Number of protein chains: 2
Amino acid sequence: MNERITLAPTARTTIRRLPELANRDRSMLHEIVDEAYVCHIAFVAGDDTHCIPTAHWRKDDYLYIHGSNGSRMIKALAAGTQAAVGMTLVDGLVLAKSAFSHSMNYRSAVVYGVFEPVQDNADKLAALDTFMDKIAKGRKHEARPGNDKEINATSVLRIALTEAAVKVSASLPSDKEEDLGLPVWAGVLPLKTTRGIPIHFNCNGNVPVPDYVKNWAD
Amino acid sequence: MNERITLAPTARTTIRRLPELANRDRSMLHEIVDEAYVCHIAFVAGDDTHCIPTAHWRKDDYLYIHGSNGSRMIKALAAGTQAAVGMTLVDGLVLAKSAFSHSMNYRSAVVYGVFEPVQDNADKLAALDTFMDKIAKGRKHEARPGNDKEINATSVLRIALTEAAVKVSASLPSDKEEDLGLPVWAGVLPLKTTRGIPIHFNCNGNVPVPDYVKNWAD
């Protein structure tokens, strides 16, 4: 493995609880960032520690967020406040024969560092196009693009995906030897995010239905 | 509305971005805490700001977590570190006719305060039974209960659900007047958490399959 595709652990990203679940594969970090629509951002402002949810997306080795210039979080992060960005995908409940051996299957990432503002309007628009691609591939060519007023009122920030703690649990129940014979059901109850039937709104006349809408529902 | 069922805003829970989405109904906070399996906990330890995912559950007006006594997060929180607990349920992508009017439907809660350890072993076990009820109703009567060694090695902490910022967005696309006639599809692409087919493991012989397993899959 070379530096390009692995994550070197730092003091705060060394996983101490269940270290066997630590994952240093950069592609797993990318998968989690890409699959999650929302992250939670921890930061301190004044006397308060916050944990604010926001939509995010990825471009190369950066996680991006956006928001109004006036947002408390945007202002704090743009000023260089230390941040931690957490994302977790819950994949299932793991039911063991003993109460204390129950667990969950999940894929989680916590990214540490400092956000930097994307300064140039062209760079902001390019980043937001990548966000639109995550939401609906190709829609950036259909929706009315942002105008100068909209772009100027919006901040785009990014944080490097270089210092991250990634943890993956994808296992069957693990009971102690002495519990294996108990007449208790054991197994996994899977959970996943699925897509429902699209709701059409204000699409009278000749508005074509894009493929990403036709193919949305599971 | 009386004090029992509403949340009084404080400086840090007053929602400044899109204040019309603020929700002060305590039952909505309970719904979000109950439906989410995992929260993210922001806290500061030494020089670092963390955002650590963990499973949680609710009993009355408290959110509970548990972990190994040795866990860095458990130790920091048990010592009275200020915390913020974030949970978000993503309900859909809202596609408007203009790029900057896109949004998401979601229900989010951020709980502020300090955790307190549940000291007594009987109280810890009662709290963990409530957790088991969230995972699988009735299973607390089937799984092998925790023994003294397991209980003593585990910390249970709780935080009051009194200071919280709750935000709910459940809307159709909202475009500016001048964009309404654009020939662009608009609507909502719903997302939800669904349940997959249970995986049976080490259940040979006469192990009965509980109703919560039979009825699990959507």
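The values are calculated or read from the model by the stated rules, or taken from the named source; none is laboratory data. Because the structure is a prediction, the values reported are computed rather than measured. Here the Cβ is made from the backbone with ideal geometry for all residues, glycine too, and neighbour counts use every protein chain on show.
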Review point. Could we say that B:ALA153 is within 20 Å of the chain's Cα centre (by Cα) and modelled with pLDDT of 95 or more here?
Key: no
Exercise for review: Give region B:189-198 a look and list any residue that's surrounded by fewer than 17 Cβ atoms within 10 Å (Cβ to Cβ) and of a type outside the set (Lys, Arg), or say none.
Suggested key: B:THR193, B:THR194, B:GLY196, B:ILE197
Check your understanding: Are there any pairs with C-beta distances below 6 angstrom linking a residue in region A:55-79 that is within 17 Å of B:LEU93 (Cβ to Cβ) to a residue that is in a helix (DSSP H, G or I) and among the charged types (D, E, K, R), with the two at least 6 apart or on different chains, and if so which?
Key -> A:TRP57/A:LYS134; A:ARG58/A:ASP34
Practice item. Scan region A:80-123 for residues that are free of Cβ contacts under 8 Å to residues at least 40 places away in the same chain and assigned to a helix (DSSP H, G or I) and jot them down. Key: A:ALA99, A:PHE100, A:ASN121, A:ALA122, A:ASP123
Review point. Looking at region A:80-105, which of its residues are more than 7 Å from chain B (Cβ to nearest Cβ) and either of a type in the set (A, V, I, L, M, F, W, C) or closer than 14 Å to B:PRO53 by Cβ (or both)?
Key: A:MET87, A:LEU89, A:ASP91, A:VAL94, A:ALA96, A:SER103, A:ASN105
Practice item. Return a yes/no flag: does region A:118-130 have any residue that is at positive phi, modelled with pLDDT of 95 or more, surrounded by fewer than 17 Cβ atoms within 10 Å (Cβ to Cβ) and of a type outside the set (Lys, Arg). Key: no
Review point. Just for region B:35-51: of the residues that are among the acidic types (Asp, Glu) and either over 17 Å from A:THR193 (Cα atoms) or touching a Gly at 6+ places or on another chain (Cβ under 8 Å) (or both), which one is farthest from the other protein chains (Cβ to nearest Cβ)?
Key: B:ASP47
Check your understanding: For region B:171-218, how many residues are over 33 Å from the mean Cα position of the chain (by Cα) and free of Cβ contacts under 8 Å to residues at least 60 places away in the same chain?
Key -> 7
Check your understanding: Quick one: what pairs do we get from region A:144-160, first residue within 11 Å of another protein chain (Cβ to nearest Cβ) and touching a residue at least 40 places away in the same chain (Cβ under 8 Å), second basic (Lys, Arg) and crowded, with 17+ Cβ neighbours inside 10 Å, C-beta under 9 Å, 6+ apart or different chains?
Key -> A:THR154/A:LYS124
**Study point:** Some residue of region A:95-112 being over 28 Å from A:ALA8 (Cβ atoms) and surrounded by fewer than 20 Cβ atoms within 10 Å (Cβ to Cβ)
**Key:** yes
**Study point:** Residue selected from region A:179-188 under the condition on the phi < 0 side of the Ramachandran plot and in contact with a strand residue (DSSP E or B) (Cβ under 9 Å, 6 or more places away or on another chain), by the criterion surrounded by the most Cβ atoms within 10 Å (Cβ to Cβ)
**Key:** A:ALA186
Check your understanding: Taking the stated definitions as given, is B:THR130 closer than 21 Å to A:ALA96 by Cβ, facing chain A (nearest Cβ under 8 Å) and of a type in the set (S, T, N, Q)?
Key -> no
Study note, to complete from the structure: Of the residues in region B:201-218, those that are surrounded by 15 or more Cβ atoms within 10 Å (Cβ to Cβ) and within 14 Å of A:LYS97 (Cβ to Cβ) come to B:PHE201, B:ASN202, B:CYS203, B:VAL207, B:PRO210, B:VAL213
Practice item. Answer yes if at least one residue in region B:39-58 is out of contact with any strand residue (DSSP E or B) (no Cβ under 6 Å at 6 or more places or on another chain) and either within 21 Å of A:SER71 (Cβ to Cβ) or part of a helix (DSSP H, G or I) (or both), and no otherwise. Key: no
Practice item. Could you tell me whether B:VAL85 is surrounded by fewer than 21 Cβ atoms within 10 Å (Cβ to Cβ) and not charged (D, E, K, R)? Key: no
Practice item. For region B:161-209, enumerate the residues that are assigned to a strand (DSSP E or B), more than 9 Å from chain A (Cβ to nearest Cβ) and touching a Phe, Trp or Tyr at 6+ places or on another chain (Cβ under 6 Å). Key: B:SER169
Exercise for review: Name every residue in region B:64-79 that is in a strand (DSSP E or B) and facing chain A (nearest Cβ under 9 Å), in order of residue number.
Suggested key: B:GLY67, B:SER68
Point to revise | Matching residues in region A:124-138 - criterion: being farther than 30 Å from B:ARG195 by Cβ, in a helix (DSSP H, G or I) and in contact (Cβ under 8 Å) with a residue 24 or more places away in the chain | key: A:LYS124, A:LEU125, A:ALA127, A:LEU128, A:THR130
